Amino acid sequence: MDMFEPVTIDTKRLRLRPLQQEDASIFFEVWSDPEAMRYFSFLPMQNMEQAHARVVEKLQSLGDGNSMICVIELLDTKEVLGDCTLFGGVAHSQRAEIGFCLRRRYWGNGYMAEAADALIEHGFNHAGLRRIEADVDPRNLSSIQLLERLGFKREGYLRERWMIGGEALDTVLYGLLRSDRYQV
Ligand SMILES: CC(C)(COP(=O)(O)OP(=O)(O)OC[C@H]1O[C@@H](n2cnc3c(N)ncnc32)[C@H](O)[C@@H]1OP(=O)(O)O)[C@@H](O)C(=O)NCCC(=O)NCCS
C-alpha cells in the first residue's frame, strides 16, 4: 500500500499542492541558483532541460508511493514559492525524510516554517508517520534554524557522507518523533 497520496493542504498564507510538469520552469530558478543550491546534493543546473528532466524523474518517483512532493503557492496570488517534500518513506518503520527549498526572493518571511509545519502535521496525523528525519549540511544554518524551530532534535554527525562536486561533505542528522509533538 502507498504511504503517501497526493493532497492539497491550505495554511494561513499558503497552499501545498502536488507537483506538475509545468512547474519545471519556476523550479529552474531555484535549481540554477548557486546560493540556494549551496548545500544541495547536486550542483546548480545550467539549462532548463535539466529542470524538465528532474521534474519528470520526480513525477516518476511518486509511483512507488514512498514520497510526497508539495509545491508551495501563495494562497492569494498562486505564485509558486518552492517545495516541501517527504521522501524515502519506509512503511514498516513509519518514517520518512523531509526536504525543502524556497526561491531566494521569498526567504525570511516564515513561509517554509508554515509549509513544513503543515506537511509534518499531515505526515504524523494522516500518513501514519512516527518519525521524520532531515539530513543537513552542518554549514546550512538557515535550514538548521528552521528544523530546530519546528522541534527537530540533533541526533548525529556523519562525517564525509556525501561526495558532491569532488568534495566529501559531512551531514548533521535531525529527527522529529510524533511523540515530540503530540502526547498520544
Ligand atoms: C532553508 C530555507 C527554506 C529557509 O528559508 P527561510 O525563509 O529562512 O525559513 P522560514 O520560513 O523558517 O523563515 C524564517 C525567517 O523568516 C522570518 N519571518 C518573517 N515573518 C515571519 C513569520 N510570519 N513567521 C515566521 N518567521 C517569519 C524569521 O524571523 C526568520 O528570519 P531569520 O532567518 O532572519 O531569523 C531557505 O534558506 C532555502 O530555501 N535554502 C536553500 C535550500 C536548502 O538549503 N534546503 C535544505 C536542504 S536540506
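The values are calculated or read from the model by the stated rules, or taken from the named source; none is laboratory data. Treat the numbers as computed from the prediction; the structure is a model and nothing was measured. Glycine gets a Cβ as well: all are built from the backbone with ideal geometry, and neighbour counts include every protein chain shown. In case anyone asks, the SASA skips ligands and DNA or RNA and just uses the protein heavy atoms, side chains included. Shrake-Rupley method; radii C 1.70, N 1.55, O 1.52, S 1.80 Å.
Out of Ala24, Ala51, one residue alone is within 16 Å of Leu102 (Cα to Cα), more than 16 Å from the ligand (Cβ to nearest atom), of a type in the set (A, V, I, L, M) and part of a helix (DSSP H, G or I). It is Ala24.
Determine whether Gly108 is open to solvent by 60 Å² or more (accessible area, probe 1.4 Å), under 23 Å from Glu29 (Cα atoms) and within 12 Å of the ligand (Cβ to nearest atom). When the stated conditions are applied, Gly108 passes them.
Among residues of segment 3-34 being over 25 Å from Ile132 (Cβ atoms) and of a type in the set (Asp, Glu), the one that is surrounded by the fewest Cβ atoms within 10 Å (Cβ to Cβ) is Glu22. Scanning segment 118-142 for residues that are crowded, with 18+ Cβ neighbours inside 10 Å and touching a helix residue (DSSP H, G or I) at 6+ places or on another chain (Cβ under 9 Å) returns Ile120, Gly123, Phe124, Leu129, Arg131, Ile132, Ala134, Val136, Asp137.
Among the residues making up segment 62-95, those that are surrounded by fewer than 13 Cβ atoms within 10 Å (Cβ to Cβ) and among the small types (Gly, Ala, Ser) are Gly63, Ser93. A single entry from Gly123, Gly128 fulfils the requirement of being away from the ligand (no atom under 15 Å from the Cβ), outside any strand (DSSP E or B) and in contact (Cβ under 8 Å) with a residue 60 or more places away in the chain: Gly128.
Would it be correct to say that Arg154 is touching a residue at least 12 places away in the same chain (Cβ under 8 Å), touching a helix residue (DSSP H, G or I) at 6+ places or on another chain (Cβ under 7 Å) and more than 19 Å from Ser41 (Cβ to Cβ)?
no
Cβ-Cβ contacts under 7 Å between residues 6 or more apart (or on different chains), taken from a first residue in segment 94-114 that is assigned to a loop (DSSP other than H, G, I, E, B) to a second residue that is open to solvent by 30 Å² or more (accessible area, probe 1.4 Å) and more than 6 Å from the ligand (Cβ to nearest atom), are listed as Gln94/Gly128; Gln94/Arg130; Gln94/Arg131; Arg103/Glu29. Within segment 36-47, the set of residues being within 17 Å of Arg103 (Cβ to Cβ) and surrounded by 13 or more Cβ atoms within 10 Å (Cβ to Cβ) comprises Ala36, Met37, Tyr39, Phe40, Pro44, Met45. The set of residues in segment 72-86 being over 16 Å from Trp31 (Cβ atoms) and either within 16 Å of the ligand (Cβ to nearest atom) or in contact with a Pro (Cβ under 7 Å, 6 or more places away or on another chain) (or both) consists of Glu73, Leu74, Leu75, Asp76, Glu79, Leu86.
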